[in-house]
Every structure is written in C-alpha cells, then in structure tokens.
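Bear in mind these aren't lab numbers, they're just calculated from the coordinates by the rules spelled out. All of these numbers come straight from a predicted model, not from anything done at the bench. With ideal geometry, Cβ positions are generated from the backbone for all residues, glycine too; neighbour counts draw on all protein chains shown.
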Amino acid sequence: MKKRLIWHALSAAFLMTLGLAPALSPQAAAQTPKADFTLIHSAWMGGWQWGHVGAALSAHGHRFSAPDLPAHGNNKANPADVTLESYVQTIIAALDKTPGRSTLVGHSFGGIVAGQVAEARPDKV
C-alpha cells in the first residue's frame, strides 16, 4: 500500500510539472495544446510502469507511447544481446511511428536512453 501511495504522489508531481494536474478543469484541459509523449521506463520495468501517467495524458487528449525496452516488460529479446544502442534504436523506432515531434520522458535509466535518443534524432524531439 505504501508503494502505491508513493507511486501516485510521484505521478501527480510529474503531471503537475507538465501542467496536467488531475484537478485541471475539463475546460482548461480542452484548451491545452495537445502533444505527443514517449515515456521510457526505468531498468527492470516495462512500459506498464507509466500506466497512471499515460491514462492522465490520454484523459487530457495527449498521445503517448511507452514501449518496452529490449529484454524488459513483454519484449523477449535475449538479455545477452542487449546494448544501450539497442535501447536507443527501440525508442527511435517508436518515434518514427509518430508524426512530428515527441517529448521524451525517461525515468531513472530511461533518462540515459532519452538523452541518447535526443542526440541521435533531434528532429523528432
């Protein structure tokens, strides 16, 4: 229960930094410019880590993707074959499926991947 409360507090704090606090009125949400987000999970997790954040983004009309990095979540890559570059290429492939630019959001290790992706594809972030 304590972990769940901490996760909800962190999710709410994240949403507030984006101006998407759950208390945002429907009228204000309707006027907020819509954006695309690529959410990059931390080590030993999966895209499911972003469930609450993704739901909040969607509720406010934003698009998001939260792909599983190789050998994480539902991705069945062989861990022995995984490199930082394979993580980067996975996120680049997700970005290439979206029109325009996407805001990269990385949690912990996902931040390292986000930085590498931003360097490799500045035209997409």
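General remarks:
- Rounded to the nearest 20, the Cβ-based charge dipole of the stretch 34-124 about its Cα centre (Lys and Arg +1, Asp and Glu -1) stands at 300 debye.
- Ranked list, fewest to most other Cβ atoms within 10 Å of each Cβ, for Thr38, Thr98: Thr98, Thr38
- Anchor Lys124: aspartates and glutamates whose Cα lies under 12 Å away (excluding residues fewer than 8 positions away in-chain): Asp36, Asp96
- The rule of thumb for compact globular proteins, 2.2 N^0.38 Å, goes into the C-alpha radius of gyration of the stretch 34-124 1.02 times.
- Listed peptides 99-107, 60-68, 75-83 appear in the order 60-68, 99-107, 75-83 once ranked by packing, highest mean of other Cβ atoms within 10 Å at the front.
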